[in-house]
Amino acid sequence: MKVVCVGGGPAGLYLAILLKRQDPSHDITVHERDPEGSTYGWGVTYWRGLLDRLGAHDPASARALAEASVRWSEGVAHVRDLITRHPGDEGFGIGRHRLLGLLAARARALGVRLEHERDTGPEDLPADADLVVAADGVHSALRTRHAGHFGTRITVGRNRYIWLGTSKVFDAFTFAFTETEHGWIWCYGYGYGPDRSTCVVECAPETWSGLGLDRAPEADGLALLEQLFADVLDGHPLIARSGDIRARWLNFRTLTNRTWHRGNLVLIGDAAHTTHYSIGAGTTLALEDALSLAGALRDHATLPQALAAYERQRIQALLPVQSAARYSAQWYENLTRYIGLPPERMFALLGQRHSPLLPHVPPQLYYRLDRATGQVEALRRLKRWLGPRIARTVHARTPAVRDGSGALHPGEGAPGRVGGSGSTPSRTG
């Protein structure tokens, strides 16, 4: 096949790697609008399960990824002057710049052509391409041209957030909750290199405006955040600029599409979907899209069959992840419901924030029930049976905004999603 991949992020590069490994005769070109070596964002996270899956499909890139990543196996929460620490699953962090460099080098070694500073729109696609992959992110021009066909929908979150970097190297996945006279503000921090960490700050809109963060100059806003999180930053600065991109306060927008393909055009990664950053799944989902699409192209005789199978598989696989992300975001939007608990209980419910039961059960009671379900099999079965049914009912009532243009604000769907929704605060369930 002749394959044109528009977008040189993790999804596009890894798909090119997989397709070349499946058949070296494929003619594959990746078009990336940015100069080589430039990127935005800080670090991205992933978990052991993803690394194992990558290793089964391309051991070389999996080894390079593991060697370049930092690791942690604990979560720590700072609430006022109290600290609680819990063991968790093995997590990994790597700089987005480093990740893209590793994948680009592997793709080139396999014979993939990479063309940088190539802003490819719908009118620029080669007429003889067998497959066009829209890996051009949440702002996808290829998807936007046919937004009505794809059924693009956007749900806007309530809270404000900002992606920052810091020279403080966190040794665990770190949460910090600070109370101000205008309400609570919190951050998530995780290391991704020997001298850098990502630090995402979030708060309710009334806290954001009450603290003056809606109108403060960049330097003043950073200084205030450094003061509010002084206990976890240990005197290290927060960094607002990554390359030429300046961090901005945003509302997260969850993007979904009714269908993921049209003719020989297929969506992948953030062009197809976004999930709230607090579950740490963005990079994982992008790479899993690539694994699924490559597998479908290998296993089906015709392109329409392959694209339909890919769409079915990924939409089904995303349902529990999107549910987890939705409830995770709501947990933070309703933080005052949980923040008054003893820190160890609050942290335990932080790890359970994906649960569709939690918003409907008093937190103290949920905590006791959760402890009991860990010991009684009948209660575990009841929880597994009841949770998805409540999730489906609530999901059916959740409003979404159809977006005819597909336009989103810069930074949405950015890499480095943090947090988690499994039995610990640091992984996706």
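The values are calculated or read from the model by the stated rules, or taken from the named source; none is laboratory data. All figures in this text were calculated on a predicted structure; none of them were measured in a lab. Counting neighbours? That spans all protein chains shown, and the Cβs are built from the backbone with ideal geometry, glycine included. Note: accessible area is taken over every heavy atom of the protein model, side chains too, but ligands, DNA and RNA are not part of it. Shrake-Rupley method; radii C 1.70, N 1.55, O 1.52, S 1.80 Å.
Per residue, the average separation of C-alpha pairs within less than 8 Å and at least 6 apart gives the stretch 267-342 a relative contact order of 35 percent. How much of the DSSP bridge set in the chain is antiparallel, in percent, rounded to the nearest 5? So the antiparallel bridges in the chain amount to around 70 percent. The stretch between E36 and I239 holds 70.8 nm of extra length on full extension. This uses 0.36 nm per residue minus the Cα-Cα distance. Once percent of Cα pairs over 36 Å apart is calculated for the structure shown, the corresponding label among [x] 51; [y] 25; [z] 31 turns out to be [y].
Could you work out the longest stretch of the chain that avoids the trypsin sites (Lys or Arg not before Pro) located in DSSP loops with at most 15 other Cβ atoms within 10 Å? Free of exposed loop sites, the longest segment is 259-396.
Take every Cα pair under 8 Å whose residues are at least 6 apart in sequence, average their separation, divide by the length of the stretch 124-244, and the relative contact order is 24 percent.
Computed over protein heavy atoms with a 1.4 Å probe, the carbon and sulfur contribution to the accessible area of the chain reaches 52%.
The heavy atoms of E218 present about 70 square angstrom of accessible area, all protein chains included, probe 1.4 Å.
Taking all protein chains as shown and a probe of 1.4 angstrom, D89 keeps an accessible surface of around 50 Å².
Between the Cα long axis of helix 96-109 and the first principal axis of the chain there is an angle of about 20°, rounded to the nearest 10. The charge dipole of the chain, taken about the Cα centre with unit charges on the Cβ atoms of Lys, Arg (+1) and Asp, Glu (-1), comes to about 1540 debye, rounded to the nearest 20.
Taking every DSSP helix (H) stretch of at least 4 residues in the chain, weighting each as -39,500 (n - 2.57) and dividing the sum by the residue count yields a mean residue ellipticity at 222 nm of -12000 deg cm²/dmol.
On full extension, the segment bounded by A66 and E90 gains 7.4 nm, given 0.36 nm per residue less the C-alpha separation.
Suppose all protein chains stay in the model; what accessible area per residue would a 1.4 Å probe give for the chain, in Å²? Normalised by residue count, the accessible surface of the chain is 42 Å².
Highest mobility in the GNM of the chain, judged by mean-square fluctuation with C-alpha springs under 10 Å and restricted to E311, E206, E181, is found for E181.
Given contacts defined as C-alpha pairs under 8 Å and at least six residues apart, what's the relative contact order of the chain, whole-number percent?
This gives 22 percent for the chain.
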